[in-house]
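Colleague: Could you have a look at this structure, given as structure tokens, before my questions?
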Amino acid sequence: MKLSILDQSQVAEGRTAADALRETTQLAIEADRLGYYRYWVSEHHASGALAHSSPEVLIAHLAAHTSRIRLGSGGVMLPHYSAYKVAENFRLLEALHPGRIDVGLGRAPGGMPLSTRALQEGKYTSIDRYPQQVTDLITYLYDQAGPTHTYPNLFASPIIDTAPEIWLLGSSGESARLSAQLGLRFGFAQFFGVPGGEAAVRSYKEQFKPSALNDKPHALAAVYVVCADTQEEAERLATSTSLFFLMLHRGGNLRYFPSVETSESYPYDEIDIELINNRRSQIIVGTPDVVKEKLIAIRERFDADELMIVTNTHSFEARIRSYRLVAEAFGMK
């Protein structure tokens, strides 16, 4: 089973965005050493708690500091941008690091309405155009813009012999349907806590149409994991995650990822506890043996070809330790 990492560069309480990006670089280097297959970075705008705003820039930086692991976006929020510009960005990355680049695409805004308006300033856009944008991106990455194209015979620079892997990412059946229709790879964000993931992946595989890009379906599930040497320590570390998602659920302006001390002293009410308990069912927390067993169960439930692990803890050392323990549990090299 392939295991990969999705990193959101959470800005920990008491630290800065620059600290978070340095930690991202260190984690990517360690993931490369441990044998993880991919390392994806997300896109978030106008966020105090999340340091990723430009996946392409960060991918270039991480690729220069690693040697084997695939690097990609999880994902580029395509409705904000020109498909042509995204194609050129990722073609350049592929030219610099051939065979190591993934372009994961999403249609969510990645921020609040104000940042969306600023990103799309001066142009009309709609998520209804997303399928066409994806098709356009494929056209540019694979030099398919012929004389009848909207921009006849246009090609994306630089001209190279390879192309990045294209993934559609989502937490709904709609993203699965589009992935199947276009013959693309599909990633389901199980860690969002949205139900219906198993059905979405099953539908994707059943409806998949082979394409020039993929002759068979390939699906991954992104899963939230906190692993530690003892169950007690894993539970303690996960309290930060619980408070973070509670604050996110309430729609607050998140400025940082809370420490264990902050999360343990927070004045939770009964509704908070109920929300946290409901959310915890979507998170894997425990020792290496517990985590391995549950990850295997999720892979089987989703019929996933690959799992992508999301781990956020306030302590960077605990985060590194979590990924190391998972790698050891699965015998990765």
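Colleague: For the chain, modelled as a GNM with alpha-carbon contacts under 10 angstrom, which of 63, 304, 145 fluctuates the most?
Modeller: Per the Cα network of the chain with a 10 Å cutoff, 145 tops the list.
Colleague: Could you state the angle between the C-alpha long axis of helix 17-34 and the longest principal axis of the C-alpha atoms of the chain, as a value from 0 to 90 degrees rounded to the nearest 10?
Modeller: It works out to around 80 degrees.
Colleague: What residue among 53, 240, 115 shows peak mean-square fluctuation when the chain is described by a Gaussian network model with Cα springs under 10 Å?
Modeller: Most flexible of the set in this elastic network: 115.
Colleague: I've got another one for you. For segment 58-67, take each phi angle, set θ = phi - 60°, evaluate the Karplus expression 6.51 cos²θ - 1.76 cosθ + 1.60, and give the result in whole Hz per residue in order, putting x for glycine and proline.
Modeller: Once θ is set to phi - 60°, the couplings for segment 58-67 become 5, 4, 4, 5, 5, 5, 6, 9, 10, 10 Hz.
Colleague: Can you give the accessible area of residue 232, probe radius 1.4 Å, in Å² rounded to 10?
Modeller: Using a 1.4 Å probe on the heavy atoms, I get roughly 130 Å².
Colleague: Mind grabbing the base-10 log of I(q)/I(0) for the chain at q = 0.08, 0.09, 0.14 Å⁻¹? Debye formula, identical points on the C-alpha positions, no solvent, two decimal places.
Modeller: Here the Debye-derived log intensity ratios amount to -0.36, -0.46, -1.16.
Colleague: Nearest 10 degrees, 0 to 90: what angle lies between the long axis of helix 130-141 and the longest principal axis of the chain (Cα atoms)?
Modeller: Rounded to the nearest ten degrees, it is 70.
Colleague: In the chain, carbon and sulfur make up what percent of the accessible area (probe 1.4 Å)?
Modeller: Details: 8030 of 14920 Å².
Of all accessible area on the chain, carbon and sulfur atoms account for 54 percent.
Colleague: Oh, and also: Tell me, what is the 1.4 Å probe accessible area of residue 194, in Å² to the nearest 10?
Modeller: 60
Colleague: Rank these residues by their accessible area, most exposed first, probe 1.4 Å: 250, 255, 107. Present the calculation step by step, with values, prior to reporting the outcome.
Modeller: Details: 250 125, 255 155, 107 80 Å².
So, going from the largest accessible area down, we get 255, 250, 107.
Colleague: Quick one: angle between helix 288-302 and the longest Cα principal axis of the chain, in degrees between 0 and 90, rounded to 10, please.
Modeller: Computed tilt is about 40 degrees.
Colleague: Tell me the per residue accessible area of the chain using a 1.4 Å probe; a whole number in Å² is fine. Intermediate results must be reported in sequence, preceding the final value.
Modeller: Details: 14920 Å² over 333 residues.
So the chain comes to 45 Å² accessible per residue, rounded to a whole number.
Colleague: Of 281, 157, which has the most accessible area with a 1.4 Å probe, and how do the rest follow in descending order? Mind dumping the intermediate values first?
Modeller: Values: 281 90, 157 55 Å².
Listed by decreasing accessible area, they come as 281, 157.
Colleague: Next question, about the same structure. Need the C-alpha centroid separation for segment 285-321 versus segment 170-234, integer Å.
Modeller: Each part's Cα centre sits 15 Å from the other's.
Colleague: At 7 Å along Cα-to-Cβ for each site, give me the label-to-label distance between residue 282 and residue 233 in nm.
Modeller: Each label point lies 7 Å from its Cα, and together they span 2.8 nm.
Colleague: How do 16, 239 rank by accessible surface area computed with a 1.4 Å probe, from largest to smallest? Could the numbers behind the result be given before it?
Modeller: On the way: 16 70, 239 35 Å².
Listed by decreasing accessible area, they come as 16, 239.
Colleague: Here is a follow-up. For the chain, what does the helix formula give at 222 nm: sum of -39500 (n - 2.57) over DSSP H segments with n ≥ 4, over the residue count, nearest 500 deg cm²/dmol? Don't jump to the answer; show the numbers that get you there.
Modeller: Values: 12 runs with 148 residues, N = 333.
Calculated at 222 nm, the ellipticity per residue is -14000 deg cm²/dmol.
Colleague: Report the accessible area of residue 36, computed with a 1.4 Å probe over the heavy atoms of all protein chains in place, in Å² rounded to the nearest 10.
Modeller: The accessible area of residue 36 comes to roughly 0 Å².
The values are calculated or read from the model by the stated rules, or taken from the named source; none is laboratory data. Every value quoted in this text rests on a predicted model; they were computed, and no experiment measured them. We place every Cβ from the backbone using ideal geometry, glycine too, and count neighbours over all the protein chains shown. We work out accessible area using only protein heavy atoms, side chains counted, and drop any ligands, DNA or RNA first. Shrake-Rupley method; radii C 1.70, N 1.55, O 1.52, S 1.80 Å.
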